[in-house]
Amino acid sequence: MSHIAIIGATGRAGGRLLEEALRRGHTVTAIARKASDKLSGRANVKAIDVDVLDAPALEKALAGHDAVFSAAHFSTVPAAAIIEPAKRAGVKRLLVVGGAGSLFAAPGLKVIETPNFPEAYKAEASAGGAFLDTLRSEKELDWTFLSPSAEFVEGERTGKFRLGTDDLLVSAEGRSWISFEDYAIAFIDELEKPAHSRQRYTVGY
């Protein structure tokens, strides 16, 4: 079993990763600004209150872990704020909760470039693409970036989904979606049986 850290463990994606990791017997260090408010007292969870932009504090919190998941918002937490403390802490694996904006909706056309992409999400999606580009030039960390489908929603833990690479997954009904719960299954699977080292991949129904 692994000893993992989850940055943004109190958020929707981070919280599902935490639950899935615990379900499978891993121990988790939950890192968030107010992690202890929500997670103190949980078995196999160490809650640490950290401002992710406080690099020395984050480095200290990450030390000694087998892997680190980052579920931080791209628009407020640049890649270097995660990558550099992780490297200084001696962490070998970084698994990043990605976005769908950098996936391809058609050859040569990213989802963020499509006419109907919501303006409200463009800053976050653009920053997510920049984070991925930074990872692709990273030489030390063994990283993985998992993009959800276009709709990343509350739902059920079914364990039934498809994996892809750089193209947006769309169901037979024309919908591109994945629940937080099934996304977490896919990403903890990757933790346990690495298959996408230094790669981006995607999950959807």
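The values are calculated or read from the model by the stated rules, or taken from the named source; none is laboratory data. Keep in mind that this is a model prediction, so the values were computed, not measured. Positions of Cβ are backbone-derived with ideal geometry, glycine not excepted, and every protein chain shown enters the neighbour counts. Calculation scope for accessible area: heavy atoms of the full protein, side chains included, ligands and nucleic acids excluded. Shrake-Rupley method; radii C 1.70, N 1.55, O 1.52, S 1.80 Å.
General observations
- Residue count for region 146-170 under the criterion of being among the small types (G, A, S), crowded, with 21+ Cβ neighbours inside 10 Å and not in a loop (DSSP other than H, G, I, E, B): the result is 1.
- Residues of region 171-192 satisfying the condition of being touching a residue at least 12 places away in the same chain (Cβ under 8 Å), outside any strand (DSSP E or B) and not hydroxyl-bearing (S, T, Y): R175, F180, E181, D182, A184, I185, A186, F187, I188, E190, L191, E192
- In region 100-133, residue surrounded by the fewest Cβ atoms within 10 Å (Cβ to Cβ) [restricted to those that are part of a helix (DSSP H, G or I) and of a type in the set (D, E, K, R)]: E119
- The condition of being among the aliphatic types (A, V, I, L, M), over 15 Å from V96 (Cα atoms) and within 18 Å of the chain's Cα centre (by Cα) does not hold for L18.
- Any hit, region 97-116, residues being within 23 Å of E20 (Cβ to Cβ), of a type outside the set (A, V, I, L, M), touching an Asp or Glu at 6+ places or on another chain (Cβ under 7 Å) and touching a residue at least 60 places away in the same chain (Cβ under 8 Å): no
- Going through (1) closer than 17 Å to L94 by Cβ; (2) open to solvent by less than 40 Å² (accessible area, probe 1.4 Å) one by one, A35 falls short only on (1).
- Residue count for region 51-70, restricted to those that are within 18 Å of S197 (Cα to Cα) and within 15 Å of the chain's Cα centre (by Cα): 4.
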